[in-house]
Amino acid sequence: MKKDVMLDLETWGNRPYCVVVQVGISEFDRETGVIGQLLAAHIDAASEMQRNFRVDADTLYWWLSQDKNAQIAAMGGKLSRMQSKVVWTQVNDFLEDAENIWCHASFDAAIVNEHLRMWGIKPKFKYWAFKDLRTLVEIAEIDTRPYKARSAGVRIEHNALDDCAIQVAYCVDAMKKLKIANVRKEEGV
């Protein structure tokens, strides 16, 4: 069983029924931040639209304003795109029995659930496995900007797997910070 996984999506919208063009998932150790098994896939947008997933014009315009390398990284070359149902089946298999699926729960979790539902794929993970990264970061008072800045020039913006690595780093730091605070509280410091 995978204890902790990080999930990130690149999409053409911000609603559960939006077109997803890239999925990145990484297993990680919450104590060390070491990343284990990975899943990365580019989804053929046409296969998403055939299933009635939609494109949000504002998001599409935003993508068109991004660097060409970011567009290519997020959407994949023509040969690397996979059919939607194939990718969502792989996502479901990867997440099977995951104890904690870290993501932006109001965004990524809703989209994953909607895509599985639309494809008739029964989730192999518990619905309560989704954990909200934004809430964790806020409670731990972690500023995510330095994590993103450290990666500038090394990664391509808006690559789901690269984003997972950055999110793992600040997720682990947030958990460590809260654990230290809890120990201090118990010790009366």
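Quick one: ILE101 ticks every box in (1) modelled with pLDDT of 95 or more; (2) surrounded by 17 or more Cβ atoms within 10 Å (Cβ to Cβ); (3) part of a helix (DSSP H, G or I) except a single one, so which number is it?
(3)
Which members of region 105-122 meet the condition of being over 20 Å from CYS164 (Cβ atoms) and of a type outside the set (D, E, K, R)?
MET118, TRP119, GLY120, ILE121
If ILE156 satisfies every condition in (1) touching an Asp or Glu at 6+ places or on another chain (Cβ under 8 Å); (2) modelled with pLDDT of 95 or more; (3) β-branched (Val, Ile, Thr); (4) closer than 26 Å to TRP12 by Cβ but one, which is the exception?
Condition not satisfied by ILE156: (2).
On the basis of being among the acidic types (Asp, Glu), over 27 Å from ARG134 (Cα atoms) and crowded, with 16+ Cβ neighbours inside 10 Å, does ASP108 make the cut? Step through it out loud before you land on a result.
On the way: among the acidic types (Asp, Glu): yes; over 27 Å from ARG134 (Cα atoms): no; crowded, with 16+ Cβ neighbours inside 10 Å: yes.
It is false that ASP108 is among the acidic types (Asp, Glu), over 27 Å from ARG134 (Cα atoms) and crowded, with 16+ Cβ neighbours inside 10 Å.
Which of the strands (runs of 3 or more DSSP E) contained wholly in region 1-58 include at least 2 residues that are more than 13 Å from the chain's Cα centre (by Cα)? Give the derivation first.
On the way: elements: 4-11, 20-28, 35-43.
The strands (runs of 3 or more DSSP E) meeting that bar are 35-43.
Could you check ALA70 against (1) assigned to a helix (DSSP H, G or I); (2) at pLDDT 95 or above; (3) surrounded by 15 or more Cβ atoms within 10 Å (Cβ to Cβ) and say which number it fails?
Result: ALA70 passes all but (2).
The values are calculated or read from the model by the stated rules, or taken from the named source; none is laboratory data. Nothing here was measured: the structure is a model prediction, and the numbers come from that model. Because the Cβ atoms are built from the backbone with ideal geometry, glycine has one as well, and the counts that use them run over all protein chains shown.
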